[in-house]
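A quick write-up on the structure given underneath.
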Amino acid sequence: MDRVRVLVVDDSALVRKLMSTMLACDPDIEVVGTAADPLIARDKIKQLNPDVLTLDVEMPRMDGLTFLENLMRLRPMPVVMVSSLTTQGAEVTLRALELGAVDFLAKPSSDLASSFGEHTLEICAKVKQAAQAKPRARTTVRKLDVAPRLSADAVLPRAQTAGTRGGSPIIAIGASTGGTEAVRVVLEAMPPDAPPILVTQHIPAAFSGPFAARMDRCSAMRVCEAQDGQPIQSGHAYIAPGSHHLLVMWDGAKYVCRLHDGPPVNRHRPSVDVLFRSLAASAGAATIATLLTGMGGDGARGLLELRQAGAATVVQDEASSVVWGMPGAAWKLDAASEMQSIEHMAARLLVLARHPHTGAASA
């Protein structure tokens, strides 16, 4: 049997060396080369024609998932993702597998040499197993392997009537690709006594806590990762945990955060549609909602439900969006009454919070 020819792609020189050394321990594996980023890898794939690629997620010039997507479209081959992101972030793992990766390995967060060394047999076995796989073009992978695109009905039935129990305004933000920076721009511009803000950002579970902490440091508001049953207060922003849907409920005296571990909606958990639907039912016209940069269409239908419930709805404009997928989908549905650049979004949300009906539309 011919040896499995492997190309190791990672921006860390230490990881490239450790991976090469461990793989070389197996007589059935030959490391034919290494690459520090996807652009170098692209050339070496053409030169060396490897059987298997080990691929990091976070790299300069082009991230691993983007490279993987391009690779599976243009030259399908077995790929094993090697990154801390693939275990810490369920979304990244699922996305890599959806795009055609055969398997994934954890990159230890510390003491790389000994931690990697303990998993030499596992790494070699996964690479050899990957070599036996028959990767399919991305279009086929998507048809066969992608989870069903569930609607918000899978988590929360749509209410027949909208509520406005508290009367005080609540701001809701949905975002995905490019959204961590867009959310930062909005929160940085908010005063310490701003209306409460609920944020659903597509983000892996391990990163929602650190993301909330970073936002807390850069905002005059108090920003935290939302907890189940937590009262919703002015001057506070609540970030959905990366593992749960975030909902807003009325408990008889106040609005509270509710976390739900139901199935992914629009292939996301947390889902923006779920947050927006819960607000349409509980706060209705007291809601001011915006959909920021992001790939896909999550949040578009929820924003439409909010607009039909009398809420003020805004989307980020295309020029300032990293990806105009989510806000663009909402705009096409007539779910938003206006567009704003990210630089002007916070000011506009505050105006709408003071005068919500200037931006609301009738159902």
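The values are calculated or read from the model by the stated rules, or taken from the named source; none is laboratory data. Values in this document were obtained by computation on a predicted structure and should not be read as measured data. A quick note on method: Cβ atoms are made from the backbone with ideal geometry, for glycine too, and the neighbour counts reach across all protein chains shown. Each accessible area value is taken on the protein alone, full model and side chains, heavy atoms only, with ligands, DNA and RNA left out. Shrake-Rupley method; radii C 1.70, N 1.55, O 1.52, S 1.80 Å.
Quick notes on this structure:
- Computed lengthening from residue 355 to residue 153, 0.36 nm per intervening residue step minus Cα-Cα distance: 69.6 nm
- Proximal charge balance of residue 50 [Cβ under 13 Å; K/R count +1, D/E count -1]: +2
- Considering only the stretch 202-333, percent of DSSP beta bridges that pair antiparallel, nearest 5: 45 percent
- Three-way shape call for the stretch 256-338 based on the alpha-carbon gyration tensor, with the a/c threshold at 1.5: oblate
- Classified by the C-alpha gyration tensor, the stretch 207-363 has a rounded form. Its axis ratio a/c, with a ≥ b ≥ c, is below 1.5.
- Mean accessible surface per residue for the stretch 208-361, computed with a 1.4 Å probe while every protein chain stays in place, in Å²: 36 Å²
- When the P(r) is computed for the stretch 189-260, the part past 17 Å accounts for 39% of the Cα-Cα pairs.
- Theoretical FRET efficiency, 1/(1+(r/R0)^6), r = Cβ-Cβ of residue 295 and residue 222, R0 30 Å, to 0.05: 0.50
- Once the Cβ-Cβ distance of residue 254 and residue 25 is raised to the sixth power relative to R0 = 51 Å, the FRET efficiency obtained is 0.25.
- Inter-part distance, the stretch 217-292 to the stretch 301-343, computed on C-alpha centroids, equals 18 Å.
- Label-point separation, residue 332 to residue 120 (7 Å along Cα→Cβ), nm: 5.3 nm
- With the simple spin-label model, which puts each label point 7 Å out from Cα in the Cβ direction, the residue 39 to residue 168 separation comes to 5.1 nm.
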